[in-house]
Structures are given as C-alpha cells and as structure tokens.
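The values are calculated or read from the model by the stated rules, or taken from the named source; none is laboratory data. Please read all numbers here as calculations on a predicted model, not as lab measurements. Cβ atoms come from the backbone with ideal geometry, glycine included; neighbour counts cover every protein chain shown. Keep in mind that these areas ignore ligands, DNA and RNA; they rest on the heavy atoms of the full protein, side chains included. Shrake-Rupley method; radii C 1.70, N 1.55, O 1.52, S 1.80 Å.
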Amino acid sequence: INCRSTELHRINEKGELMKVCRLSVILLIAVMLCRQAEAFDGNRKGVVIGGGLGTAPLTSRTYDINAFSFADCGPYYVSDVHRATALKLFAGYAWNNSNAMVIEADLTVFERRDTWYRQGYLGPIWYHYYGPDGSGFFTAFGIGLYFYEPEGDKRYDEKAAYQVGLGYEFSRHFQFGMYFAEGKTEEFGDWTSAENEHNHVTILLSAVAF
C-alpha cells in the first residue's frame, strides 16, 4: 500500500466533503432568506443575518514538532501565537425577541513569512439577549468545528470546537462582543497524523438585520 497516496486520497475526500457541507449551508440559508424576506420588519423574531469586523488579540496553535519525525524523540509541544484581523458572518432564525439560533463563521486572518493563515470556528451559535431590542447584554454559545487553513496547505481537517461570547447591544442593529473559541484540527503527514490544538479571542463590532 502506498501510504502517501492513501493519505492524500483521504485528505482530498474530506476536503470535498467540507465543500459540500459549506455549500449546503449556504443554499439552506439562501432558501430560508428567500422564503422569509418579508420577516425583516424590525422585530427580532424571524430571520436574522449579520456580520462583524474587529481584532483578534490572540490566535494560538499548539502542536507536537516531533509528530512526523523518523526519530523516536517523544512529543515536544510548541505554540504559535499571533494577533490577527477578525471577521464574523452569521444567518439564522430568532424564535422570540430574546433567543436566536444562527450558523456562524468566526474567522481570524493573519500573515506570517509571506503566507496568509486562516483559523476559526464554524457552526451553530445560540444568542440570548437579556434586555429589550437595542439595549442590553447578550451571551453566545455554540458547538461546531474548528478549521485551520494556511495558504495553499490542505493537510488540516476540521474537528470539534466550542465558542462562547459576551457582549452588549447598544442600538437595534449594532452590537459589540468578545468571543473565545477552542478546538482541534487533524494534521496529516505521509504516514501518520497528529492533533493540533487551537484557540482564539476576538473583539468585534457587528451589524444585525432583522
């Protein structure tokens, strides 16, 4: 058995699966928005969509630098820590003025040695608002997938992650929040694979339409 070919085939299969999953989510959101366009009436209940921009004061990846070594050196873990630009996109449904469930991509982007890196959280998030529309605190919690994508490098598969957040809605359609996400990815080599641990903190100003 050619181990290299087997691993590359596995990576390609999983990459195609993720593309199908992402496309399915996009199509689902598009259909939902088309069917519910009339729901944008200024009340939170109904379809909600939004996006945010901000900073990530911390993005971290921890990995074993000996994971793919021929020598039997044992594990030796190191961490790469960076600042990054933070982006957020989400769409979903609020079943009342206090609760919304959305599909969210929380993305951090940074450059290192002429290579761009992306890492972040993708999955469902439950938002709970504690005050009237336009004034009050909110919390966010979700369990989904963590991704890590160096430019031109397809060796990393998404694995389980969670995200929590706390923020304040200071007008009907704008909110400020801080979020923390933690998860793992699987890095594939020629003959084996190894887990990487990731986390990030983001601070974002978001606009929300409902």
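In this structure, A207 and T115 have a Cβ-Cβ separation that, at R0 = 25 Å, corresponds to a calculated FRET efficiency of about 0.20. Under a no-solvent Debye model with one identical scatterer per Cα of segment 143-206, what's log10 I(q)/I(0) at q = 0.15, 0.19 Å⁻¹? Here the Debye-derived log intensity ratios amount to -0.58, -0.76.
To the nearest 10, the accessible area of H82 is 40 Å² with a 1.4 Å probe.
Considering the dipole of segment 109-204 built from charges on the beta carbon (Lys and Arg +1, Asp and Glu -1) around the Cα centre, which of Y179, S135, H198 is farthest to its positive end? Sorting the options by dipole projection puts first S135.
The accessible area of I143, taken with all protein chains in place and a 1.4 Å probe, comes to roughly 110 Å². A simple charge model with +1 on the Cβ of Lys and Arg, -1 on the Cβ of Asp and Glu and nothing else charged puts the dipole of segment 129-210 at about 440 debye relative to its Cα centre. Could you tell me the relative contact order of segment 150-210? Use alpha-carbon pairs under 8 Å, at least six residues apart, and round to a whole percent. Once normalised by length, the contact order is 33 percent. Ranking I125, I49 by solvent-accessible area of protein heavy atoms (1.4 Å probe, all protein chains present), from largest to smallest, gives I49, I125. Per residue, the convex hull around the alpha carbon atoms of segment 84-210 comes to 97 Å³. When K159, K154 are compared by accessible area at a 1.4 angstrom probe, the order from most to least is K154, K159.
When Lys and Arg each count +1 and Asp and Glu each count -1, what net charge do the other residues less than 11 Å away from N99, Cβ to Cβ, add up to? Net local charge, N99 excluded: +2. Within the assembled protein chains, the solvent-accessible surface assigned to F176 is about 110 Å², based on a 1.4 Å probe.
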